[in-house]
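All remarks here apply to the structure that follows.
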Amino acid sequence: MSHPIAPMIIRGEVITDHLIEVGGRGGDLTFLTPDAHRYLDRLPLGNPAKLADLYALSFEDILDYCEALAERLDFASNRYLQEACELSYLTAPTTPTMVRGAYMNLRHLLTREAIIEMAESTVGIPYLEGWVRQRLLDGTELETRCFGSRALHIVAGNAVALSLWTIVRNMVLRSDAIIKAPSNDPFTALAIARTMIDMAPDHPLTKHLSVAYWKGGDQALEQRLYQPQNIEKIVAWGGFAALKHVTRYIQPGLELISLDPKRSASIIGSEAFASEASLREATVRLATDIGVLNQKGCVCSRVAYVQSGTDSAGLERLNRFGQYVYEALLALPNTVSTRPKRYDPGLKAHVDALRLDDDWYRVIGGREGEGAIICSQLPEAVSFAASLDDRTANLVPVDSLEQMLDAVDAYTQTVGVYPEAIKDRIKDVLPLYGAQRIVSLGYAAAMKFAAPQDAIEPMRRMGKWISNQIASPETTPAPWLRPSL
């Protein structure tokens, strides 16, 4: 049986020579890809002056390119996306209906209005288009502009859209990107890059994108590539070990922008129990935040603090709430969530052990590997909360909103809140404990281009902010004219 090929893309060229055999994550697929060691001297842009062709483009030109690309990313007619989708069924952490739905949605990320909103909110379009001038208090004229950089992107593979998100950010900033494809999604960035080459092979935006796969931790390759004469920024998504590994290469002139692993949680106020309608709404919203991406994303809720009360009546409310969440989880659309691809056996052992401890825990579901809701019968999360996955969540009863702050620590990314009315009471406190993003319950996975990410502004960090000071003795006090002591 022949193995599929994942080509290497180097600035408009599709490379299929010097192939080596590698395995996708999960062990279900072996594919061939060019040996990155053979092309190590070609992967970096080299002379940064080669970025100049991007500055012949206006922001409108970039928008036109994105609109044209969106048309080409129609899943029904794009064979690269179709092939990538089929192969990703074997490598992705999610199931086929979810993978296919994500591919079909890619083109909708490229609307003109969405890219304008993102650029304006995160950088400011005038700073991308030219020098923005202001007069300072001492009379100095200050000009500021955001320039692109030579960047390496170590992309996560738990969501198909992340590759396109990376490419769009790079285009808007007028940067040169090398994308290191992840082992659980080695095909998406390639499919997009090949579409760009077919559409506009000589366009500067096409010519400043490279995509390659190599095994993470290859020190012989990375020691040579991860140098400031080659790249200026490393944008790294990934787990603790991968990010820890990258830090060894950071030095003056080479910046790490870390989008590191996080956990997310939910806060459900007592108002959820005000009526059957509010109860059902809260449970569907929470089920969505648990189940989306089959809980493979940092945004997915793992522990939910529920203001049900901790007395016997409160625990009865919690357990009923948990049953509703479980039912809603199973009823989610199959493009949002499904029975997990592989239910983690270690996690299942933990869950099954709790069934024997029904004084302290109520376990709903999970016997068939479909996911489970664990209702704590005391106001504490399970000891293995950090390992919750595969649509398995823990509901924790509390008496007050203040107790819900236990949901948040330095590893917390997203906190989904219900109802909206209680946000004003906690949104100025949650960040002090570590929360990085606060959302309306049910919208955890609806991440926005225009928003910060992981408590930083990646777009601003990915650019190079250059200043030009204009001063003369007539406008600004001259240092050489200061009196001597």
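A short reminder: the numbers here are calculations on the coordinates, not readings from a lab. Source: prediction; values computed, not measured. Positions of Cβ are generated from backbone atoms using ideal geometry, with glycine treated the same way; all protein chains shown enter the neighbour counts.
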Under a point spin-label approximation (7 Å from Cα along Cα-to-Cβ), what is the Val14-Asp53 distance to one decimal in nm? 1.9
The percentage of Cα-Cα pairs in segment 404-485 separated by more than 17 Å is 64
Using only Cα atoms, tell me the angle between helix 96-105 and the longest principal axis of the chain; keep it within 0 to 90° and round to the nearest 10. 40
Could you give the angle, 0 to 90 degrees to the nearest 10, between helix 276-291's Cα long axis and the longest principal axis of the Cα atoms of the chain? 50
Spatially proximal aspartates and glutamates relative to Lys341 (Cα-Cα < 15 Å; intrachain offsets below 8 disregarded): Asp28, Glu368, Glu370, Asp389, Asp390
For segment 101-212, what Kirkwood radius comes out of the mean inverse Cα-Cα distance, in Å? 15.6
By Cβ neighbour count within 10 Å, fewest first, Arg460, Arg194 rank Arg460, Arg194
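Given the chain, report the % of alpha carbon pairs whose separation exceeds 41 Å. Numbers along the way, then the final one.
Details: 31398 of 117370 pairs.
For the chain, the share of Cα pairs beyond 41 Å comes to 27 percent.
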Given the pairs Lys296/Lys427; Lys215/Lys423; Lys233/Lys423; Lys244/Lys423; Lys244/Lys348; Lys50/Lys296, which are separated by over 32 angstrom at their Cα positions? Lys215/Lys423; Lys233/Lys423; Lys244/Lys423; Lys50/Lys296
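Share of Cα-Cα pairs in segment 44-108 beyond 18 Å, in percent?
On the way: 1134 of 2080 pairs.
Tail fraction, whole percent: 55.
Given 0.36 nm per residue, what is the gain on full extension from Ala161 to Leu330 after removing their alpha carbon distance, in nm?
Values: separation 169, 0.36 × 169 = 60.84 nm, distance 2.42 nm.
That works out to 58.4 nm of additional length.
Mean 1/r over all different Cα pairs, inverted: what Kirkwood radius does segment 1-64 give, in Å?
Details: mean 1/r = 0.0688 Å⁻¹.
Computed over Cα pairs of segment 1-64, the Kirkwood hydrodynamic radius comes out at 14.5 Å.
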Label zone at Thr475 (point 7 Å along Cα-to-Cβ), backbone N below 12 Å, segment 112-139: 133-139
Note: segment 263-440 at 37 °C, 0.692 mPa s; Kirkwood Rh on alpha carbon pairs; Stokes-Einstein D in µm²/s works out to 208
What FRET efficiency comes out for Phe75 versus His37 if R0 is 51 angstrom and r is the Cβ-Cβ distance? Round to the nearest 0.05. 0.90
So what's the gap between the Cα centers of segment 112-141 and segment 420-485, to the nearest angstrom? 14
By how many nm would the segment from Tyr433 to Glu281 grow when fully extended, if each residue of separation counts as 0.36 nm and the alpha-carbon distance is taken off? 51.9 nm
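To the nearest 0.05, what FRET efficiency results for Ser121 and Asp344 with a Förster distance of 41 Å applied to their C-beta separation? Walk me through the intermediate numbers first.
Working: r = 38 Å, r/R0 = 0.92.
E(calc), rounded to 0.05, equals 0.60.
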For Asp399 and Asp218, what is the calculated FRET efficiency with R₀ set at 45 Å and r taken between the beta-carbons, to the nearest 0.05? 0.30
Quick one: what does P(r) look like for segment 159-299 with 5 Å bins over all Cα pairs, in whole %? 2, 8, 14, 17, 15, 13, 9, 7, 6, 5, 3, 1, 0
Using only Cα atoms, tell me the angle between helix 59-72 and the longest principal axis of the chain; keep it within 0 to 90° and round to the nearest 10. 50
Let's test this: bin the Cα-Cα distances of segment 325-428 at 10 Å from zero up to the farthest pair and state each bin's percent. 13, 41, 36, 11, 0
